[in-house]
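The values are calculated or read from the model by the stated rules, or taken from the named source; none is laboratory data. Since the structure is predicted, the reported quantities are computational estimates derived from the model, not experimental observations. No Cβ is skipped: glycine too gets one built from the backbone with ideal geometry, and neighbour counts run over all protein chains shown.
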Amino acid sequence: MIIPWQRYADDHARTVDTMAAVLLFAAFLFGSEISVPATGRPVAAGPTITLGLVSCGALLLWQRSRPGGAVAVTAVCVTVAIACGDLITPLLLGPLMLALYRLTVSTGRRTSRRHCLAVLALIVPTALVADPAGHHPWPLKTISPAVWLLFPVVTGNLVRLQRAYVDAVQARAEYAEHGREEEAQRRVVEERVRIARELHDVVAHHLALANAQAGTAAHLARTHPDRVQGLLTDLAGTTSSALRELKATVGLLRQAGDGDAPLAPSPGLAQLAELTQACACAGLDVRIATEGTARPLTPGVDLTAYRIVQEALTNVSKHAGARTARVRLHFGRDRLTITVTDDGTAVPAAAPGGRGFGLIGMRERAESVGGVLEAGRRPEGGFQVTTRLPLHPDTPAPRERTP
């Protein structure tokens, strides 16, 4: 947390440094006047003023850019003042204490410790040698400078650690925010891919059937006009079903405030009869065979199975030139195997020239629930799509929300 005076100090560093240098210069002069009773004033004012100016000037110029040089200059000035007989006081040590503080904050514990010990090794012997008669009490020449010079070192270390902690907290917050943004972006991309896949399945299937029905109706209008009405009725049903499913899929894009709207069940294998009926209207004979004991599927697997069958039959209608197709559902112990075959001669393209995503979409759907999909020509002719889906996937795919 940054309090107002810290913010002012950061924004007006040169002003603050100048004010500190002036105050420390005054304190240095005042400290040089303090002496033990009966010893008198040890040194003239001229040398004291010179030492104060040099010490505070070096502090003003170098405390931020060259803190080590500021410590060296202020330490020499204090040592000369002590050698001239000045009493070691916090006022006299003020410039040196600020220089040590700046050095500790800007460098590290080891560097500040070495400088502090070097300064003590310079000041304490000088104080002992400059006062052989013992006019000044020995604690003021040994313990006092050690305490006062350790104080800025300890304080600087605490400030440096606090700043490092704040920087670490800010870095973790930025990293967490960046991670949340990446996760949100990843989910948006996944949702866009899922919606694109649903739109492809719905639009491609129904438009293929509608196109086949319209072509058949146009042909029968010239040869069997009495059968056109039935085909047109089936065409209207196909387009109506396409609009319903398209509305349901686009409904996934609703805002959170629309969550109270009623939900319709997702399509599944129970709707295969309607799917085969729609294919029959387009001239494709689809037969379904079930092997094993049918069991209820999880919503994700049920939707995936339906969409794969739907896309496979759509590919047969559009590309294979087939008249019949077979759908076999085999319920094993832990897997559902779906096989879709046709008697056509053409091969559905996986993505020629970068266009067409039928087989790719089916494979992605199967993999999304832990299954696999294989597709290719049959030796006896035609095309075959085989997918194996787990009956109880570890991570079921999310259920479709439809209005």
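Structure notes:
- Filtered residues of the range 59-92 (kept if part of a loop (DSSP other than H, G, I, E, B) and at negative phi): Gln63, Arg64, Ser65, Arg66, Cys84, Asp86, Leu87, Ile88, Thr89, Pro90, Leu91, Leu92
- Within the range 136-164, no residue that is in the same structural domain as Pro90 (by TED's automatic domain parsing) and free of Cβ contacts under 8 Å to residues at least 12 places away in the same chain sits with its Cβ atom under 7 Å from a residue that is outside any helix (DSSP H, G or I) and charged (D, E, K, R) at 6+ positions apart or across chains.
- A search for C-beta distances below 6 Å between a residue of the range 177-204 that is loosely packed, with under 14 Cβ neighbours inside 10 Å and of a type in the set (D, E, K, R) and any residue that is at pLDDT below 80 and assigned to a helix (DSSP H, G or I), counting only pairs 6+ apart in sequence or on different chains, returns nothing.
- Boolean, Gly68 is at pLDDT 80 or above, closer than 25 Å to Arg113 by Cβ and assigned by TED's automatic domain parsing to the domain that holds Leu92: yes
- Residue match in the range 124-133 (condition: modelled with pLDDT under 85, outside any helix (DSSP H, G or I) and closer than 21 Å to Val73 by Cα): no
- Of the residues contained in the range 31-50, one or more are found to be among the β-branched types (Val, Ile, Thr), at pLDDT below 80 and either touching a strand residue (DSSP E or B) at 6+ places or on another chain (Cβ under 8 Å) or surrounded by 15 or more Cβ atoms within 10 Å (Cβ to Cβ) (or both).
- Pro379 being exposed (fewer than 14 other Cβ atoms within 10 Å of the Cβ), over 28 Å from the mean Cα position of the chain (by Cα), at pLDDT 80 or above and not basic (Lys, Arg): yes
- Of the residues making up the range 286-314, those that are exposed (fewer than 13 other Cβ atoms within 10 Å of the Cβ) and among the charged types (D, E, K, R) number 3.
- Single residue of Ile360, Ile338 found to be modelled with pLDDT under 85, among the aliphatic types (A, V, I, L, M), under 24 Å from Thr298 (Cα atoms) and assigned by TED's automatic domain parsing to the domain that holds Ala210: Ile360
- Residue match in the range 58-68 (condition: in contact with an Asp or Glu (Cβ under 7 Å, 6 or more places away or on another chain) and buried (at least 22 other Cβ atoms within 10 Å of the Cβ)): yes
- Residue match in the range 346-357 (condition: modelled with pLDDT of 85 or more and aliphatic (A, V, I, L, M)): no
- Qualifying residue in the range 93-111 (condition: within 50 Å of the chain's Cα centre (by Cα), under 17 Å from Leu128 (Cβ atoms), without any contact (Cβ under 8 Å) to a residue 24 or more places away in the chain and in a helix (DSSP H, G or I)): no
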